[in-house]
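Worksheet for the structure shown next.
The values are calculated or read from the model by the stated rules, or taken from the named source; none is laboratory data. Owing to the predicted nature of the structure, the values given are computational and were not obtained by experimental measurement. Every residue, glycine among them, receives a Cβ derived from its backbone with ideal geometry; neighbour counts consider all protein chains shown.
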Amino acid sequence: MKSMNRRQMIKRGLGTALVVGFPAIVPSSVFGNNAPSNRITIGVIGAGRRALKGNIPGVLKFDDVQIVAVCDVDSNRLTAGQASINDYYAKKTGAPYLGVNVYSDYHALLADSSIDAVLVSTPDHWHAMNAIHAVRAKKDVYLEKPATLTIAEGKALVDEVKKSGRIVQIGSQQRSWTQFRIAAQSVRNGRIGDLQRVEVGLPFYAAGGVATPMSVPSTLDYDRWLGSTPVEQYTVDRVHPQVGYSEPGWMHLRQFSMGTITGWGAHHIDTAHWAMNTDLTGPIEVSGEASYPKSGLWDVHGDFKTEALYANGVRMTVSGRFNNGIKFIGSKGWIFVCRGQDPSGNKIKEWEASNPAIMSSVILPTEIPLTKSNDHHRNWLDSIRSRKPPIAPVEIGHRSCSTCIVHDIAMVLKRKVQWDPVKEMFIDDAEANALLSRDMRAPYQI
């Protein structure tokens, strides 16, 4: 069945699979000693910047994996994604390789029962639907963060994954970076005393974007790209560059994203939750303020500051005025941890502490060791094989994302909100609860 599906053109629902012949014999130089029956076959949904620069190379390097299909609604990106994977395998074999199929709609890719798992690297507004349909199709999923666009979508995704029993890894890759794990583990085990405050520094976007309507490129299925969101006139600054893979405009528009509060916040707040042992809950109270653009197309927040209180008494401040990273402040010291780069890409210290010995202290058998992962994609693949939860499972990713969204809602409303992390609702606040979900345009509905 695998061989036949990949040699034929198939049409399923809205989608068409444009299939290239899959090699009958794949040289062992491609996959080492991994027999075809032992490989995890993967399809790629979304072939933009995160896919080509992060997720595709993140799994290609492993010989027990075979990427067999790519899907995108932009044919330029689709063919580029296909070519990058074929070229990788061709270099390993020393001969032409044409084993990667292309799809214009992800439903057709998911209909191929020979595909075991999918990498989802689409814009934020597509995450929930792509992942829900994937687990319904019995695929394991690597899902880019933030997990979803709304809290309602996140709850729906968590429910579907629980019902399906599939493995879903959220792309919160800081959980697989040594300095973040050691910082979180040190905080958990009292190396800075009782945790009192957390300061989360995020970058923020400047105003911009050209709103002048443009003709939709013939290579882009714009209606499908918009998906569940309202129809707006096309301009390249609303979508993504037609040439190259620089930062796309959709990241700056509330129609598709919430800006850096979710884009970066889903990383740093996730790390903070890991250290605070609150990664399956959330704050109980949040207040916030933010500036918003007064010109241009883009409308996500600019400079901002939010304050959150947790049930354990810890207060978290999130702001663009702090250095990009997380600072944990306790009764006996502090730790600051980051990715080791400043906004210009220059190398800086990955961590600092009130006492450097904090980060090298040995975790005793009686203490709490946090799960060690040296590679986020490898951790996902190992989970697929073992059927044990990955280091960033769906509910933890949802809670990190939902916390970011609560911060965003506080900024939008310009006031304090009371949050019930058990019911995942605001307390006695109809105005805030109305922002937990968005209308989804037919036929792009969960």
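Descriptive notes on the structure:
- Tabulated pairs, region 110-134, first of a type in the set (S, T, N, Q), second part of a loop (DSSP other than H, G, I, E, B) and surrounded by 24 or more Cβ atoms within 10 Å (Cβ to Cβ), C-beta under 8 angstrom, 6+ apart or interchain: S121/G46; S121/A47; S121/E144; T122/G46; T122/E144; N130/G46; N130/T122
- Filter pass, R399 being farther than 18 Å from H273 by Cβ and charged (D, E, K, R): no
- Meets criteria (touching a strand residue (DSSP E or B) at 6+ places or on another chain (Cβ under 6 Å) and buried (at least 17 other Cβ atoms within 10 Å of the Cβ)) for H240: no
- Of all residues in region 160-196, those satisfying the criterion of being farther than 15 Å from P389 by Cβ and part of a loop (DSSP other than H, G, I, E, B) are G171, W177, N189, G190, I192, D194.
- Of residues in region 93-112 being assigned to a helix (DSSP H, G or I) and of a type outside the set (S, T, N, Q), the one surrounded by the fewest Cβ atoms within 10 Å (Cβ to Cβ): H107
- Neighbours by Cβ (under 9 Å, 6+ apart or cross-chain): first from region 274-286, within 11 Å of A311 (Cβ to Cβ); second basic (K, R) and surrounded by 20 or more Cβ atoms within 10 Å (Cβ to Cβ): T278/R399; T281/R399; G282/R399
- Cross-chain or 6+ apart pairs with Cβ under 7 Å, region 219-232 first and assigned by TED's automatic domain parsing to the domain that holds P248, then acidic (D, E) and modelled with pLDDT of 95 or more: T219/D74; L220/D74
- Counting only helices (runs of 4 or more DSSP H) that sit wholly inside region 368-446, those with at least 1 residues that are touching a residue at least 40 places away in the same chain (Cβ under 8 Å), aliphatic (A, V, I, L, M) and in the same structural domain as T229 (by TED's automatic domain parsing) are 394-413.
- Filtering A90, A137 for residues that are surrounded by fewer than 21 Cβ atoms within 10 Å (Cβ to Cβ), assigned by TED's automatic domain parsing to the domain that holds V65, within 22 Å of the chain's Cα centre (by Cα) and not charged (D, E, K, R) leaves a single hit, A137.
- When restricted to residues that are part of a loop (DSSP other than H, G, I, E, B) and either within 24 Å of the chain's Cα centre (by Cα) or in contact (Cβ under 8 Å) with a residue 40 or more places away in the chain (or both), region 197-216 contains 10.
- Within the set G333, G325, the sole residue that is in contact with a Cys (Cβ under 6 Å, 6 or more places away or on another chain) and surrounded by 15 or more Cβ atoms within 10 Å (Cβ to Cβ) turns out to be G325.
- Residue in region 32-87 that is modelled with the lowest pLDDT, counting only those that are outside any helix (DSSP H, G or I) and either among the small types (G, A, S) or touching a Cys at 6+ places or on another chain (Cβ under 6 Å) (or both): G32
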